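See below for the structure under consideration.
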C-alpha cells in the first residue's frame, strides 16, 4: 500500500488537504493522464499507478482504462517498461482468480475477469496486438504477454482458440517460445500451450507439426525424465493434450518413433526403489501412462491400436511396464494405472497377450504374473481401484483370444493334474463362492469373459465339476451357479451370476439344457420376472431374469422334456404375459449403471456400490434384445389383437411369423421325427445334424419371409402415406392459392387509407401536373409550329433576298445599258438630262 | 526405423483435386473413390530410398476448402516440400494455381521445393487442361511438373520421390540449413556426416535427439 501511495503522490501531486480522492476519481485522472500526456515519462508513471490500482479497483480500471491500455500497447511499443505495465494491468483486470484486495468487496462479481475478457476479445485485433508483443525479446514484456494470454485462455478458451487459429503464425509464435533459453518464459509457454491445445484438434495438429514432440522430449530428458520436476509433468500434460482423441497426431507420434522415446520414463532402476517415489515422480509416471493409454485406447480405430501395440511390444515398452508390475515399492495408484495400461497394450493382440501370459512373477514359488494379479483381485485387503484394474487387465488378456480363454477353462477341468500349484481357474472359483461380494462379482465376470464368442469353451465349462461337501457327489459348475443364484441375497452377486449364465447359455443349447435340468432354476427365473417390487435394482434383477428366460427359449433344442421351447413359451405367455415381459426387459437398458457400463470396456466406477454391470454383457444384451422378442412374437397368435396402437411393423411381424411358424415348424418336426425313428443310431446323429441345419435354415427363411412381408406392407403403407401427402399437398397448394388470392384482394382494401388522407392534395397535384403537362405539350407544339413558320419565313426571306439580288443585278445591268445608251445618245448629240435625273431617284428606291 | 533424413511435405490445392487420394495411394497403395472431405489437416508417412539413403517422408495433407485456408497456412513455414495439385478435368482448379502459389511463397521458407501436379490423368476424355499448359505454368514459375493418377497410381511414387530428390540435391548443394528444423528437414539419429555438406553440427544434434532409440 505504501508503494501505491507514493506512486500516486508522484503522479498526481500531493493530495489536497482534507480531501481524499475516491478510487474512481483517481482512476479517472490516471486514465486521463495516460490519454493526454505528451511526455512518455508521465504516461509510464500513470500506467504504473494504474497497475497498482488494478487489483483493488479492478472494475474501475477495467471500465475506464481498457481502451486506453490497448492504445498504449499499440502506440508505446518502443518503451518496454510502459508496455509491461499496460500488459500487467490488463492481466490483472482479466485475471480469472480473485485478488486478496477485493475479497471483502461484494461489488466485484465472481466472473469479472471473464466479463472483461469478453469485452477485450470483441475486437480480434486486440489478440493480434498481444501476439505481436511475443516477438519482443525483452524478458518482462514477453513474460507479461504470455501471462496475459494464459489468463485470456483460461477465461474464454474456445473463442480465443478460434481467433488464434486464424491469425497467421499465431500458433507458431507460441511454439517458438518453447525454444526461449530463459527457463521462466519456456515454462510459462508450456502452461500457455497446455491451455491453447485443450480440445482443439486443429491447434493440436499445428503444434505437433511445429516439432512439439521433439522439443518436449528434449526438455523431459534434460530434466531427468520421471525424476524431473513439475516441468516434466507439464511437458507430459501437453503431449497428452496433443494426442487425446487426435488420430492424426497419434499416427504422427507413432511414425515419428516417439514411442521409443518414452521408454526411459519407465526405467526402474534399483537404487530408486529404496528411496521410494516422490509425489512428483508419481505424477510424472502417471501422466506418461496416460499417454501410452491414449494411443491404445479401445476408442481409437483398430488400425491405430494394433500398430501401436506392436510397436510398444517391439521397442520393449510392454516389457518395461511389466517390470513395474512386478517391482516392489511401487505406489498403489501407479501400480493400478500400470495394470490398466498393460491391459490395453495386450487387448486383442495375440502376441502381446501371449507375452503377458508367459511372464513369471519373482515370487516363491514362481507363479505366472496373471495368477499373482488375480490373487490381488480376489483379495479383500487390496485397494478397490487396483482390483478393478486387475479385472480389466484380465479381460483384455482374454479379449478376442481363444487360446487364453481355453487356457483358463483348462485349469478348471479335471484333466489338469497338478493340484499343488495355484491356477487362475481355482482362484476364480474360490472368488465365485467367497463371502466377499466384490470377489464374487469380479470372479464371475472374469469367468464370463472366457466364454465370449467362444462356443467351444462354453461347452467345455459344462464339464467342470465341483466337490462341494466331502462325501456328497460332485456337482457341475453350472448347477452350483444356479443354486447360488437362488440362495444369494446380495444384489451384485445375483446380477453377476445372471450375466454369467446369460453369456454362457446364449448360442449354446447344451448349456441351456443343463440349466433347465437344475431343479428350481426355471421357477426361480419366472418368479423373479413376475416379482412386483419397486426399486431400480429390483427392476434390473427382474429384467435380467426375463432376459435369461428368453435365452432359455431361444436357444432351446427341446432336449429337456418338461421345458421344451414350446412349453416354455406357453409358460412365459401365461405366467408373465408378453407385455410384462417386454416391459421388464426394457428396464435393464434403463438402469443408470447399465448405460454407464455400455460406454467403455473399462468400468468407470467411483465406489464399490457402482460395480454391477459389465461392458461385454451390455453388448450381448443389445444384440439379443432385438432378436429375442421376434421369437416370442411368433407365439402370440392367440394374443394378437388388432388394436390400433400396436405399431404396424410389429403386426406384420407377428402375422408373418405366426403364419410361417404354423406352416413349417410342425410339418418339419413331424417329418423329421418320423425319419429319425426309422433311422439307425449312427444315421441318427447325422440326421440330427441335418435336422439342425434344416431348422436353422427354416428359421432364417422364416425371418426373411417375415421381413419381406413387413417390407411389402411397409412399402404399401408408405405408398399410401405418400399418396395422402401428395393429395394433402395439392390441397394445401389450393388453399395457398386461395389464401394468396384473398391476401391480394385484401391488400387492395387496406391500401387506400393512407391515400385517402392525402387525397385532395394529391388530386390537386395530379390535376396540376396534368394541366402542366398539357400546357407543356401545347407549348411545345406551338414552338414547333413557330419554328416551322420561322423556317418557312426564313426560306421565303432567302428567296426574296435572292430575287432582290437578281433584281439589283438586273438593275445594275440596266443601269450600265442605260448609261451606255445615254452615252450613245449624248454622242448622238441628244440632250436627255431631265430624263436621266428623273430616272435616277427611281432606281435609288 | 532408422533414417538418414526426414522431410516434411505438405499437399495443397483446391478441394476435390485428389490430394488425400494421392497421399493414400502413396502411403497405403490403395484408392478410395468416395470423396471424403478433409477437415483441417491429416497426417501420413512413408519411407523411401534415395541415393542408397533411407529418407522418411512426413506428409501433411491439407483441406482445400477456403474455410480452412487460414489453418493450412500455418503449415507452410515448416515444410521442405509442397505438392501443388490441380485437377486436369477442372479448368478452374488450374486457374487458381497462381493464388495458391502466391500463398505458398508468402508463408513458406524460400527454399521450399514445389512440385506441380496435374491429377486425374486417367480421365483423358474429360480433360480440360492440356499437359502443355501445365508444363508451361511450371516452367514459368520454376516448379517441377508431373501428371499423375491417384486412381491408377501412375506417377504417384515418382511425384513424391522426385520432390524428395530435389530436396536432397539442395541439401547436397548446401542450400538448405539442415540444422534449422523450421526448414522441414531433420537429420536421422544414425546419420553419418559423410554424405551431407556441412552436416557436422546437425549429426550431433540428431544423435542427441535420437538417443534411446533402438
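Here residue B:191 clears all of (1) at pLDDT 85 or above; (2) under 23 Å from residue B:52 (Cβ atoms) except the condition numbered (1).
Residues are listed down the side, and each one gets a yes or a no for (1) in contact with a helix residue (DSSP H, G or I) (Cβ under 6 Å, 6 or more places away or on another chain); (2) surrounded by 23 or more Cβ atoms within 10 Å (Cβ to Cβ); (3) within 26 Å of residue B:186 (Cα to Cα):
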position	(1), (2), (3)
A:197	yes, yes, yes
A:211	yes, no, yes
A:220	yes, yes, yes
A:250	yes, yes, yes
A:280	no, no, no
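If you check residue A:195 against the conditions, is it more than 12 Å from chain B (Cβ to nearest Cβ) and free of Cβ contacts under 8 Å to residues at least 60 places away in the same chain? The answer is yes for residue A:195.
Per-residue answers, yes or no, for (1) within 20 Å of residue A:190 (Cα to Cα); (2) within 14 Å of chain B (Cβ to nearest Cβ); (3) touching a residue at least 60 places away in the same chain (Cβ under 8 Å):
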site	(1), (2), (3)
A:108	no, no, no
A:133	yes, no, yes
A:140	yes, no, yes
A:145	yes, no, no
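Given the criteria at pLDDT 95 or above, surrounded by 19 or more Cβ atoms within 10 Å (Cβ to Cβ) and either under 29 Å from residue B:103 (Cβ atoms) or touching a helix residue (DSSP H, G or I) at 6+ places or on another chain (Cβ under 7 Å) (or both), does residue A:178 qualify? No. Take residue A:525 and tell me if it is under 24 Å from residue A:622 (Cβ atoms) and buried (at least 18 other Cβ atoms within 10 Å of the Cβ). Criteria met by residue A:525.
Listed conditions (1) under 24 Å from residue A:341 (Cα atoms); (2) surrounded by fewer than 14 Cβ atoms within 10 Å (Cβ to Cβ) are all met by residue A:601, apart from (2). One residue alone among A:443, A:476, A:435, A:455 is surrounded by fewer than 17 Cβ atoms within 10 Å (Cβ to Cβ) and closer than 24 Å to residue A:516 by Cα, and that residue is A:455.
A quick yes/no check of all residues on (1) assigned to a strand (DSSP E or B); (2) away from every other protein chain (no Cβ under 12 Å); (3) surrounded by fewer than 21 Cβ atoms within 10 Å (Cβ to Cβ):
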residue: B:8; (1), (2), (3): yes, no, no
residue: B:12; (1), (2), (3): yes, yes, no
residue: B:46; (1), (2), (3): yes, no, yes
residue: B:56; (1), (2), (3): yes, no, no
residue: B:64; (1), (2), (3): no, yes, no
residue: B:69; (1), (2), (3): no, no, yes
residue: B:77; (1), (2), (3): no, no, yes
residue: B:82; (1), (2), (3): yes, yes, no
residue: B:86; (1), (2), (3): yes, yes, no
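Here B:168, B:86 are screened, and the one residue that is touching a residue at least 24 places away in the same chain (Cβ under 8 Å) and in contact with a helix residue (DSSP H, G or I) (Cβ under 8 Å, 6 or more places away or on another chain) is B:86.
Where helices (runs of 4 or more DSSP H) fall wholly inside region A:102-218, the ranges with 2 or more residues that are within 29 Å of the chain's Cα centre (by Cα) and farther than 24 Å from residue B:107 by Cβ are A:112-121, A:139-155, A:157-166, A:183-197.
Counting residues in region A:240-252 that are part of a helix (DSSP H, G or I), more than 14 Å from chain B (Cβ to nearest Cβ) and in contact (Cβ under 8 Å) with a residue 12 or more places away in the chain gives one or more.
Going by the structure shown, is residue A:230 away from chain B (no Cβ under 13 Å) and within 23 Å of residue A:334 (Cβ to Cβ)?
Considered against the rule, which asks whether it is away from chain B (no Cβ under 13 Å) and within 23 Å of residue A:334 (Cβ to Cβ), residue A:230 comes out as yes.
Taking each residue of region B:40-51 that is without any contact (Cβ under 8 Å) to a residue 12 or more places away in the chain and looking for partners that are in a strand (DSSP E or B) and surrounded by 17 or more Cβ atoms within 10 Å (Cβ to Cβ) with beta-carbon atoms closer than 9 Å, six or more apart or interchain, yields B:49/B:55. Scanning region A:65-101 for residues that are in a helix (DSSP H, G or I) and surrounded by fewer than 19 Cβ atoms within 10 Å (Cβ to Cβ) turns up A:67, A:70, A:71, A:74, A:75, A:80, A:81, A:100, A:101. Residue A:550 passes every criterion in (1) exposed (fewer than 14 other Cβ atoms within 10 Å of the Cβ); (2) touching a residue at least 24 places away in the same chain (Cβ under 8 Å) apart from (1). Taken over region A:284-325, residues that are more than 18 Å from residue A:261 (Cα to Cα) and not in a helix (DSSP H, G or I) amount to 5.
In region A:421-529, which helices (runs of 4 or more DSSP H) lie fully inside it and hold 1 or more residues that are under 23 Å from residue A:584 (Cβ atoms) and assigned by TED's automatic domain parsing to the domain that holds residue A:577?
Passing ranges, in order: A:437-449, A:477-487, A:491-505, A:509-517.
Scan region B:31-39 and tell me whether some residue there is in contact with a helix residue (DSSP H, G or I) (Cβ under 7 Å, 6 or more places away or on another chain), in contact (Cβ under 8 Å) with a residue 12 or more places away in the chain and not in a loop (DSSP other than H, G, I, E, B). Scanning region B:31-39 turns up no residue that is in contact with a helix residue (DSSP H, G or I) (Cβ under 7 Å, 6 or more places away or on another chain), in contact (Cβ under 8 Å) with a residue 12 or more places away in the chain and not in a loop (DSSP other than H, G, I, E, B). All of (1) surrounded by fewer than 21 Cβ atoms within 10 Å (Cβ to Cβ); (2) within 13 Å of chain B (Cβ to nearest Cβ) hold for residue A:184 with one exception: (2). Here residue A:366 does not fit the description of being more than 14 Å from chain B (Cβ to nearest Cβ), without any contact (Cβ under 8 Å) to a residue 40 or more places away in the chain, surrounded by fewer than 20 Cβ atoms within 10 Å (Cβ to Cβ) and under 34 Å from the mean Cα position of the chain (by Cα).
Scanning region A:209-220 for residues that are within 8 Å of another protein chain (Cβ to nearest Cβ) and at negative phi yields A:209, A:210, A:214, A:217, A:218. Within region A:267-278, is there a residue that is surrounded by fewer than 24 Cβ atoms within 10 Å (Cβ to Cβ), at the interface with another protein chain (Cβ under 10 Å from one of its Cβ atoms) and farther than 18 Å from residue B:59 by Cβ? Within region A:267-278, one or more residues are surrounded by fewer than 24 Cβ atoms within 10 Å (Cβ to Cβ), at the interface with another protein chain (Cβ under 10 Å from one of its Cβ atoms) and farther than 18 Å from residue B:59 by Cβ.
Going by the conditions given, is residue B:176 modelled with pLDDT under 95, buried (at least 21 other Cβ atoms within 10 Å of the Cβ), under 27 Å from residue A:261 (Cβ atoms) and away from every other protein chain (no Cβ under 14 Å)?
Details: modelled with pLDDT under 95: yes; buried (at least 21 other Cβ atoms within 10 Å of the Cβ): yes; under 27 Å from residue A:261 (Cβ atoms): yes; away from every other protein chain (no Cβ under 14 Å): yes.
Criteria met by residue B:176.
The single condition from (1) in a loop (DSSP other than H, G, I, E, B); (2) surrounded by fewer than 22 Cβ atoms within 10 Å (Cβ to Cβ); (3) modelled with pLDDT of 90 or more that residue A:418 fails is (3).
The values are calculated or read from the model by the stated rules, or taken from the named source; none is laboratory data. From a predicted model like this one, the values you see are computed outputs, not experimental measurements. As a convention, Cβ positions derive from the backbone with ideal geometry for all residues, glycine included, and neighbour counts pool all protein chains shown.
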